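This report refers to the structure that appears directly beneath it.
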Amino acid sequence: MGADEKVAATSRDPSAVTSVIRHTVGAGSESRYEAWFRKITAIAETFPGHRGVDFIRPPKGSRTFTIVLHFDTSEHLGRWLSSDARKRLIAEIELYLEGGDQVEIRTGLEFWFTPSDTEQRHAKTYKQFLITWSVIFPLTIFLPWVLYPLFQTLPFLGLPVVSNLLISHDRWPSDLRYHAALHTHGRDMAISLNR
């Protein structure tokens, strides 16, 4: 069973259980932690009921790694979490963790719908709307109008794939980087990213 099949099976099975483990790693110990993660994952995969693991690196400015561990039943997850192998491996890395080993157990799909208390800041809803509108409106109204003569001269450019590439080329990424920086770090940072 491949990784995609494991995740699909987990999301359909209401008896599946998920463990969300957060580790805040000390500054400069990130590479050591990632090597440790590869080691513990290889051992966890040998335990009965293991259905996969997701490794989420921290956002910029944070050092909190998130591990999402999938098992088929609570009993199998409990065996792994209380196993001597896991305890030994946690003891190996504990010196490099700030705040210890933070484990949450969730059943079914509740993990995907329950927000975590992360340090990451999010833009307000109205700002997200304005950013999205400021990118989509010009792309759907003004740019096709401006490019209409070109499409008349060279009709193959009007094909859906070609016209979508022409219209959206390099516009979305730069606009989104600019607006994200503007609303998170201020105007000076946004201007420097947009150059």
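Read the figures in this text as sums done on the coordinates, not as results from a lab. Model, not experiment: these values are computed from the prediction. Using ideal geometry, Cβ is built from the backbone for each residue, glycine included, and neighbour counts are taken over all protein chains shown.
With the simple model of a label 7 Å out from the Cα in the direction of the Cβ, S134 to L147 spans 2.2 nm.
Charged neighbours of I93, selected by a Cβ distance under 15 Å, balance to +2 (K, R count +1; D, E count -1). From least to most packed, judged by other beta carbons within 10 angstrom and beginning with the fewest, Y33, Y126 follow the order Y126, Y33.
Residues I141, I93, I105, arranged from fewest to most other Cβ atoms within 10 angstrom of their Cβ, appear as I141, I105, I93.
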